[in-house]
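Colleague: Can you keep this structure in mind? I'll have questions shortly.
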Amino acid sequence: IRDRFTRYRSITMFNLQVDFINHLRNNLYRNIGNASWKFHSRHHSAESLHLLDEAVSNIGSGTYSVLQLFVLAFQAAVYVIVSVQISLTMTVLMIVTGLVLYLSVMPINRRMFRHGEKAVTSSKKLYRTMSDYFGGLKLAKSYNRTSEHVHDFAVTAHELRNEQMQLNRSSSSAQMWMRIFTVGLLCVFVYVALTAGHIGGDQLILLIVLANRLYGVLSSGQSHWQRLLEMLPNYATFTEAREKFQAHAEPRVDMNAEPLQLHQQIRLEDVSFQYLESTDRPALTKISISIPAKKTTAIIGPSGAGKSTLADILMGVLIPDSGQIIIDDKTLTTKMLAVWRDSVAYVPQEVYLFDGSIRSNLNWACGQALEDDALWTALDAAAAGDFVRKLPDGLDSVVGERGVRLSGGERQRIALARALVTQPDALILDEATSSLDQQNERRIRDAIMNLRGQLTIIIIAHRHSTIEHADLSLIHISEPTRLTRASRMPSSA
């Protein structure tokens with residue numbers, strides 16, 4: 001029966017631990033997704049990875065220790081209740097000596113908590129170092145600077161190792177002193193019981209056994225308490241980060257709202273936006289423009305003028321600090337963002353493809369498996385159908401992490417096809433051809449030209465040559481934060 005109970009207890013505690021970890025991880029993952037892009041733009045993703053991986057795992061270990069402390073507390077209560085039936089005086093002595101036992105290691109526990117906080121900081125720094133290394137590995141190799149990254153990693157890893165060593169020393173010291181004090185206090189307890197307790201032999205033996213068990217429980221409790229102290233800095237960091245994500249969550253959207261389709265124009269009225277409240281330099285200041293539907297509108301300007309910010313606002317990723325966006329005759333409210341995003345497709349300069357097949361990358365944009373005909377239609381419209389047909393596995397060809405198995409031009413055309421497969425009302429191209437050679441730029445430009453009149457196209461660029469075939473309108477941002485001129489391009493341009 002005892003073995004069955006022990007097995008049941010172990011399984012139950014493990015299930016509680018795993019369920020709690022899973023709940024924390026899912027909750028944080030959801031909060032990360034719900035946070036505004038403005039917040040993400042100044043938050044390092046490595047910190048989120050650290051929270052989802054190492055921090056949550058450490059919290060799980062601490063959770064097990066919390067559950068064990070409850071079990072040990074129940075055992076201690078049973079021992080105390082039994083001992084009270086034998087001798088109240090000796091029970092009080094047992095409890096007092098137990099408190100002395102705990103108080104003796106409190107300074108070590110406080111030191112452990114401080115080292116735990118430093119270990120969490122070093123661990124976050126290590127994740128940031130790894131993230132920067134993997135993200136810039138190709139660039140580091142091209143500059144022959146991998147040794148500097150390795151050195152930075154070694155220094156950070158050494159810092160973490162030192163804090164972990166300090167934690168281990170403190171933990172070992174606490175356990176050592178607990179064993180020493182346990183033996184000493186047990187001797188004191190036996191001496192007092194023999195000299196002043198006036199307790200019979202059988203009762204004395206039972207009290208000694210109970211005291212030994214109680215001190216053993218306190219010693220085990222101290223071990224689990226140490227693990228809990230190691231976990232608390234991780235939990236504090238986790239809670240703080242979760243509250244930040246929640247505080248910067250996007251406003252609730254109405255997922256059941258009617259589709260928001262574009263028929264006439266997109267109009268921005270006195271739109272302003274600023275990334276950091278602490279700076280006096282806004283990204284956009286009182287921008288007022290009109291973008292006609294079913295036309296190709298080019299937005300050009302120097303780097304830092306706010307073109308990408310304007311694109312993010314147009315597709316509903318960033319919410320203006322002031323001003324309003326009007327789709328036809330409807331003001332775009334925060335509750336309508338979800339349905340508006342469904343009507344807009346986006347192709348950035350730095351294309352991100354998932355490590356999967358071309359088919360899965362295209363289907364991802366729609367959230368459902370489309371027929372092959374629909375996928376080929378989008379690929380052909382993006383001038384990508386020919387090279388995909390030549391691949392050994394066609395639509396099922398794996399593109400690799402971030403599309404590394406494809407060339408830059410091929411990745412860009414797959415990204416354009418992924419945008420078109422959603423059948424958007426508006427297509428936003430943010431410097432989509434700036435890093436391509438002339439041949440691939442011409443292919444994508446021709447593909448875009450073939451889409452003229454079918455949907456609203458907004459091209460973000462910093463040079464005129466990129467948009468020389470724009471349909472009708474040109475919006476020129478000539479200053480970093482202000483729209484200074486809007487003009488019409490001749491249809492023959």
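Matching residues to (1) within 30 Å of Gly216 (Cβ to Cβ); (2) buried (at least 20 other Cβ atoms within 10 Å of the Cβ); (3) at pLDDT 80 or above:
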| residue | (1), (2), (3) |
| --- | --- |
| Gly98 | yes, yes, no |
| Leu101 | yes, yes, no |
| His115 | yes, yes, no |
| Lys118 | no, no, yes |
| Thr121 | no, no, yes |
| Lys124 | no, yes, yes |
| Phe134 | no, no, no |
| Arg145 | no, no, no |
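Colleague: Check Leu160, Leu185 and return the single one that is under 30 Å from Ile205 (Cβ atoms), surrounded by 16 or more Cβ atoms within 10 Å (Cβ to Cβ) and in contact with a Leu (Cβ under 9 Å, 6 or more places away or on another chain).
Modeller: Result of the check over Leu160, Leu185: Leu185.
Yes/no per residue for (1) at pLDDT 85 or above; (2) more than 18 Å from Tyr235 (Cα to Cα):
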position: Phe5; (1), (2): no, yes
position: Thr12; (1), (2): no, yes
position: Leu16; (1), (2): no, no
position: His23; (1), (2): yes, no
position: Ala35; (1), (2): yes, yes
position: Lys38; (1), (2): no, yes
position: Ser41; (1), (2): no, yes
position: Ala46; (1), (2): no, no
position: Gly60; (1), (2): no, no
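Colleague: Sticking with this one: Quickly run through region 322-349 and pick out the residues that are at pLDDT 85 or above, in contact with a Pro (Cβ under 9 Å, 6 or more places away or on another chain) and either surrounded by fewer than 15 Cβ atoms within 10 Å (Cβ to Cβ) or aliphatic (A, V, I, L, M) (or both).
Modeller: Val344, Ala345 - these are the residues of region 322-349 that are at pLDDT 85 or above, in contact with a Pro (Cβ under 9 Å, 6 or more places away or on another chain) and either surrounded by fewer than 15 Cβ atoms within 10 Å (Cβ to Cβ) or aliphatic (A, V, I, L, M) (or both).
Colleague: Is there a residue being in contact with an Asp or Glu (Cβ under 7 Å, 6 or more places away or on another chain) and open to solvent by less than 70 Å² (accessible area, probe 1.4 Å) anywhere in region 352-366?
Modeller: Looking for residues that are in contact with an Asp or Glu (Cβ under 7 Å, 6 or more places away or on another chain) and open to solvent by less than 70 Å² (accessible area, probe 1.4 Å), one finds at least one in region 352-366, hence yes.
Colleague: Taking strands (runs of 3 or more DSSP E) that do not extend beyond region 374-481, which have at least 3 residues that are at pLDDT below 75, closer than 26 Å to Ser288 by Cα and open to solvent by less than 20 Å² (accessible area, probe 1.4 Å)?
Modeller: Filter on region 374-481 gives 473-476.
Colleague: Would you mind finding the one in Ala77, Ala73, Ala55 that is of a type in the set (A, V, I, L, M, F, W, C) and closer than 30 Å to Tyr127 by Cα?
Modeller: Criteria check complete, one pass: Ala55.
Colleague: Which ranges mark the helices (runs of 4 or more DSSP H) fully within region 1-95 that have 2 or more residues being within 28 Å of Ser223 (Cβ to Cβ)?
Modeller: 2-34, 56-86
Colleague: Follow-up. I need the full set of residues from region 364-396 which are more than 15 Å from Arg413 (Cα to Cα) and among the polar types (S, T, N, Q), in order please.
Modeller: The one that is more than 15 Å from Arg413 (Cα to Cα) and among the polar types (S, T, N, Q): Gln368.
Colleague: In addition: Do we find a residue being of a type in the set (Val, Ile, Thr) and touching a helix residue (DSSP H, G or I) at 6+ places or on another chain (Cβ under 8 Å) anywhere in region 274-286?
Modeller: The answer is no; no qualifying residue exists.
Colleague: Can I ask one more? Can you tell me which residue within region 70-85, out of those that are in contact with a Ser or Thr (Cβ under 8 Å, 6 or more places away or on another chain) and in contact (Cβ under 8 Å) with a residue 12 or more places away in the chain, is nearest to Arg9 (Cα to Cα)?
Modeller: So, considering only residues that are in contact with a Ser or Thr (Cβ under 8 Å, 6 or more places away or on another chain) and in contact (Cβ under 8 Å) with a residue 12 or more places away in the chain, the one nearest to Arg9 (Cα to Cα) is Leu72.
The values are calculated or read from the model by the stated rules, or taken from the named source; none is laboratory data. Here the structure is a predicted model, which is why all the values come from computation and not from measurement. Neighbour counts are summed over all protein chains in view; Cβ atoms, including those assigned to glycine, are modelled from backbone coordinates with ideal geometry. For the accessible areas, the whole protein counts, side chains as well, though only heavy atoms, and no ligand, DNA or RNA atoms are used. Shrake-Rupley method; radii C 1.70, N 1.55, O 1.52, S 1.80 Å.
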